[in-house]
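Step one of this worksheet: look at the structure below.
Derivation of every value follows stated rules applied to the coordinates shown; laboratory data play no part. The structure presented is a predicted model; accordingly, all values stated were derived computationally and were not measured. Every residue, glycine as well, gets a Cβ built from its backbone with ideal geometry; the counts of neighbours run over all protein chains shown.
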Amino acid sequence: MDILQIFVNGIVLGALYACIAVGFSLVWGVLNVINMLHGSFIILGGYLTFFAWFYLGLNPILVLPAVALLLYILGFALQYLFINKVVTAPVLTTLTLTFGLDMILYNLMTVYFTATPRRVTLDLGSIDLAGIVMPVDRLLGMGLALLLTALLYLVMRGSTIGRAIVAVRMDRQAAALMGIRVNRIYAVTFGIGALMAGAAGAVFAMVFPVTTNLTGVFLGKAFVICVIGGLGSVPGALVGGLALGVIESFAGFYLGPQHAITVGFLLMLILLVVRPTGLVGVKGYE
Amino acid sequence: MPRRALALIGLAAWIGLLAATPWIADNYTVRVAITIAMFSAMALSWNFIGGFTGYPSFSTAAFFGIGCYVGALAQRNGVPMVLAWTLATVSVALFAAALGAIILRLKGHYFAIGSIAVVEVVRLIVSSWGSVTGGGDGLNVPLLQGSPDWVAAKVLYVMLAIMLAAFAATVLVDRGRLGFGLRCINQNEDAADMVGIDTTRFKIAAYALSALFCGTVGAVYASWVGYIDPTDSFSILLTVKVPVMALLGGAGTVFGPVVGAGVFVLLEEFFWANFLEWNRAILGGIIVFLIFFLPGGILRLDYRRLLRRTLRQRETGQKSPEAAE
Amino acid sequence: MSEILRLERVSKAFGGIRAVSNVSFDLSEGEIVGLIGPNGAGKTTLVNLITGVHPLTAGKVVFTGQDVTRQKPYQAARRGLARTFQIVQPFPQMTVLENVAAGALFGGAPDTMAGALAEARRELDFVGLARLADTPAASLTLPNRKRLELAKSLAMRPKVLLLDEVNAGLNSAEIDGALDLIRQIAARGITIVIIEHLMKVVLSISERILVLHHGELIAEGEPRAVVEDERVIEAYLGAKFAARFKQETAGA
């Protein structure tokens, strides 16, 4: 396989990774909460898309907004009912709480959906461009992932709610003094985080099989990408995701697929210690 | 009578009960007793870094897993069992001290993430280093000699001994200079630095202490079950369960981790036995309940006040309204 | 009087901003020295440089004849270079007594808990907080928190004590009390640097004044001489007002 092909594989994978991580990064950056539910949100989005496609015969791209909306409601409710109550507590508390909630969601999914890998098969064939072969569904996945990430970026920059989220992220107290209802913003942010996770899961299910066994893997990826790219910014997550995709692609080729993940984690540990602000060390959404 | 003395008597009775299980109960109960001793030792260990020092460490599974593997590999290479356990203990403590020098510079979320990442990295290294560790297939460990009952009793006593050692260490640290310094770091690290505490060294000591006993427990566990693999040894569930136990009992207290581990393991066994399919959700439910209703842990509840209140209510119910202030 | 602390051309830059540049001075044993300057002059940064909170960009700090330029804060504390904070830094959930005992145990002489507690009680007596020994530090009023900071620093048996705005936020009666306390501390033979932006407070107590402006030492000397220094007046009042001030004083 030539280097260009490996690189393109990495970029395609990386776009999906960026979409996975961007919601996680937003929640971490704004709420200062590590959302252990994020992996399960992704899988839930993937499963819902699969079932809508498999049993109802719906087009997965049309299902995606509905799934995203459902996840938004779920995320908003969880934040409003549970996490808001302890949002200022130390890390140990918030992390443990979201882990507990994740155990419940995970258990529900394994009981009702089982852990069987599910995949939406679109059968779009593949294209060959100057010797680089790429299945069309993956390209579609990449396109959707980038589109979703860009949409979030625009919402953050352009909309009132987006600016309010950025304001809360930068200074909670000042934002509260300016009349922003901080708890509401927290719930909206968490909802958006879940929405992005659900949408990413829907996209993922069109490209790779999803199963509940993958929740931890996705969560791990989100960690790594946040640390590589820096917290709470859309461009940061994009850079982190693309970087991780390319790194894994090359590490997988040269060191073997089982080492690909190790390299990502090792890089994260090193970055944590050397440069905790990430490669794109920006504060807030510019 | 001082509360401390009462608590010590309670602890002695509890350990006595656990130690008596091989004579008075069936095999299953002995297994539960072993599990309780194991987790008590690990929760007490975690308490050094997570409770006293206030650093949200999630690296317990890394220490436990390395203990498993060092013990197993040493025994497979002909090192006598007890020596293998000792070797595991020492290497885990050294590993933690070296690692601590690097990741204890991180704070809050970054430390939490870093400590979880350590578990993942070590697990991935162990599973992909097949030539030494057997990779994903795992390793067989020489079994303890003797009848199953005798083996279980022996493991139980060793685990209880580790638990007691961890408890003794907790008492010593709690009363001494180290514990005082760790509490200062917990409340205000900059101020701790300013009063002359070498915060780096204190934190590394706490981190190494939090690892040490987990290493021993891991090695003994490997000898007990006779087979280890990366998923089981470096489980994320374990790495979160142990802090939850300490929180359940009361993080930063001397007796809390023992209470928390006991209560948690018993509840878990109960749910496993009765709601097999839902045990994970129920565990999650306990965690959520704990965070909202027992934020300081079981030991931080003011039982005297609760008791007084109920008594007073009863009195006012019976007597004249004078009793109510 | 022998020299106890010496700064040689100490500089600190944060990124491109020079917070402290080329500051040199020395302190003699037992002196009370005032370090003044308008807000943002670099006073607290200078304290942070002396006590090892920030590494120096250039220069040298010598304490009791020893080069301590690269020390860590905890080393400074153990050597006898104690400081209080502009924003008080107690251990909030510990009692007042435990707070002071921490200073005694880690920064001072005693090696045992009992010794540290005894020392802590003495210092609490000295600053007048003895009756609050068993209350949590978080529940203290601001003046009492400042006293707690003092007691904690004193328990570390310092040779030099850097007091960063111990009077900020106090009313005039409370300031008088605090100044009284500072004189008593000086009587114990401890060298004191009192950092203030209020000139009045410092003038009444200091034997010598150092004036910092834009990170540079612009004047040094006896209190009366320093307040008449044109550069100092200018630093505090700005050029325009300084000129008017001079006219008015000349006219009087």
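When peptides C:63-70, B:2-9, A:224-231 are ranked by their average number of other Cβ atoms within 10 Å per residue, the highest-first order is A:224-231, C:63-70, B:2-9. The charge dipole of the range C:81-157, taken about its Cα centre with unit charges on the Cβ atoms of Lys, Arg (+1), Asp and Glu (-1) only, comes to about 260 debye. Taking Lys and Arg as +1 and Asp and Glu as -1, the other residues whose beta-carbon sits under 13 Å from that of B:PHE111 total +2. Near the amide H of C:HIS213, within less than 5 Å, lie the amide hydrogens of C:ILE218, all on another chain or at least 5 residues away, with H placed in the peptide plane.
On the beta carbon distance between C:LEU203 and C:ASP125, with R0 = 41 Å, the FRET formula returns roughly 0.85. Rounded to the nearest 10 degrees, the angle from helix A:234-255 to the longest Cα principal axis of chain A is 40 degrees. Measuring against 27 Å, Cα to Cα, the residue pairs B:LYS107/C:LYS159; B:LYS107/C:LYS60; C:LYS43/C:LYS72; A:LYS221/B:LYS203; C:LYS146/C:LYS200 contain B:LYS107/C:LYS159; B:LYS107/C:LYS60; A:LYS221/B:LYS203 as the ones spanning a longer distance. Only Cα pairs under 8 Å and 6+ residues apart enter the sum, and on that basis the relative contact order of the range B:3-294 stands at 35 percent.
In this label model, B:TRP14 and C:ALA13 are separated by 5.9 nm, measuring between points 7 Å along each Cα→Cβ vector. Computed over the range B:201-275, the quotient of the alpha carbon radius of gyration and 2.2 N^0.38 Å is 1.25. Relative to the current alpha-carbon distance between A:ASP128 and A:VAL274, full extension at 0.36 nm per residue lengthens the span by 48.5 nm. Residue ranges C:135-147, B:235-247, B:60-72 sort as B:60-72, B:235-247, C:135-147 when ordered by packing (mean number of other C-beta atoms within 10 Å per residue, highest first).
Near C:ARG147: Cβ cut-off under 11 Å, other residues only, Lys/Arg at +1 and Asp/Glu at -1. The net charge is 0. To test your reading of the geometry: what angle, between 0 and 90 degrees and rounded to tens, separates the Cα axis of helix C:113-127 from the longest principal axis of chain C? Result, in degrees: 50. For the segment C:103-110, counting C-beta atoms of other chains within 10 Å of every residue's C-beta and taking the mean gives 4.
Each Lys or Arg adds one and each Asp or Glu subtracts one; over the other residues with Cβ under 13 Å from the Cβ of B:ASP137, this totals -2. Spin-label pair B:ASN140-B:ARG31: with each label point 7 Å from Cα along the Cα-Cβ axis, the two points sit 2.1 nm from one another. Build a GNM of chain B with springs between Cα atoms under 10 Å apart, and of B:ALA84, B:ALA208, B:ALA165 the one that fluctuates most is B:ALA165.
Here's the picture: charge each Lys and Arg Cβ at +1 and each Asp and Glu Cβ at -1 in the range A:3-212, and of A:VAL111, A:ASN84, A:GLY179 the one pushed furthest to the positive end of that dipole is A:GLY179. Between amide H atoms placed 1.01 Å from N, distances below 5 Å from C:GLY34 occur with C:ILE194, C:GLU207, C:ARG208, C:ILE209, C:LEU210, all of them 5 or more places distant or on a separate chain. Cα centroid separation, the range B:31-63 to the range A:3-45: 31 Å. For C:SER28, the residues whose amide H sits under 5 Å from its own are C:ILE4, ignoring neighbours fewer than 5 places away on the same chain, with H placed 1.01 Å from N. For peptide B:184-192, the mean count of partner chain Cβ atoms within 10 Å of a residue's Cβ comes to 6.
Dividing the helix sum by the residues of chain B, where each DSSP H run of 4 or more adds -39500 (n - 2.57), gives a mean residue ellipticity at 222 nm of -25500 deg cm²/dmol. For the range A:170-182, the Karplus equation 6.51 cos²θ - 1.76 cosθ + 1.60, evaluated at θ = phi - 60°, returns couplings of 6, 7, 4, 5, 4, 4, 5, 5, 8, x, 7, 7, 4 Hz by residue, with Gly and Pro reported as x.
Here the 3J(HN,Hα) profile of the range C:63-68, calculated from phi with Karplus coefficients 6.51, -1.76 and 1.60 at θ = phi - 60°, is 10, 6, x, 10, 6, 10 Hz, Gly and Pro shown as x. If you take the alpha carbon atoms of the protein assembly as shown and fit the smallest convex hull around them, that volume is 234 Å³ per residue.
Listed values for the range C:70-79 are Karplus-derived 3J(HN,Hα) couplings in whole Hz (6.51 cos²θ - 1.76 cosθ + 1.60, θ = phi - 60°), namely 9, 6, 8, x, 5, 5, 4, 4, 6, 6, and x replaces Gly and Pro. At the listed q of 0.10 Å⁻¹, the Debye profile of the range A:3-212, built from one uniform point per Cα, gives log10 I(q)/I(0) equal to -0.46. The angle between the Cα long axis of helix B:60-76 and the main principal axis of chain B comes to about 40°, on a 0 to 90 degree scale.
Rg over Rh for the range C:200-239 works out to 0.94, using Cα positions for both radii and the Kirkwood form for Rh.
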